[in-house]
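Read-outs: derived from the displayed coordinates by stated rules, not from any lab. From a predicted model like this one, the values you see are computed outputs, not experimental measurements. Note that each Cβ is placed from the backbone with ideal geometry, even for glycine, and that neighbours are counted across all protein chains shown.
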Amino acid sequence: MAVVLKGKYAEDFIYEFVNKNRGLSIYEIAKKVGWSSGKVYNIVRSLEEAGLVKTELIVERGRVKRKVYPVSWIELLPEDVR
């Protein structure tokens, strides 16, 4: 059953999901949460622009996949605090 969330709640949900399930592709995340790949892609792109996640393009069995990883908490700290 798909979780029905919109806006900031959907971003928060995907952010937490990525933190608990690092290294999944956008397609794999979409399948697990029951959302479209497009919705997940847009949320991941927004999180990446905010600096909360990183994506990596890899080729697996001849197919290009975008894997999603959370950013380390140390990277989220301001430069002067690190």
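When only residues in region 36-70 that are over 10 Å from the mean Cα position of the chain (by Cα) and in contact (Cβ under 8 Å) with a residue 12 or more places away in the chain count, which is nearest to Leu5 (Cα to Cα)?
Lys39
Filtering region 9-35 down to residues that are in contact (Cβ under 8 Å) with a residue 40 or more places away in the chain and surrounded by 15 or more Cβ atoms within 10 Å (Cβ to Cβ), which residue is nearest to Pro78 (Cα to Cα)? Walk me through how you get there before you give the answer.
Filtering region 9-35 for residues in contact (Cβ under 8 Å) with a residue 40 or more places away in the chain gives 15, 18-19, 22-26.
Imposing the further condition that a residue be surrounded by 15 or more Cβ atoms within 10 Å (Cβ to Cβ) reduces the set to 15, 18, 24-26.
Values: Tyr15: 20, Val18: 22, Leu24: 28, Ser25: 29, Ile26: 28 Å.
My answer is Tyr15.
Residues Tyr41, Tyr9: which one is among the aromatic types (Phe, Trp, Tyr) and in contact with a helix residue (DSSP H, G or I) (Cβ under 9 Å, 6 or more places away or on another chain)?
Answer to the check: Tyr41.
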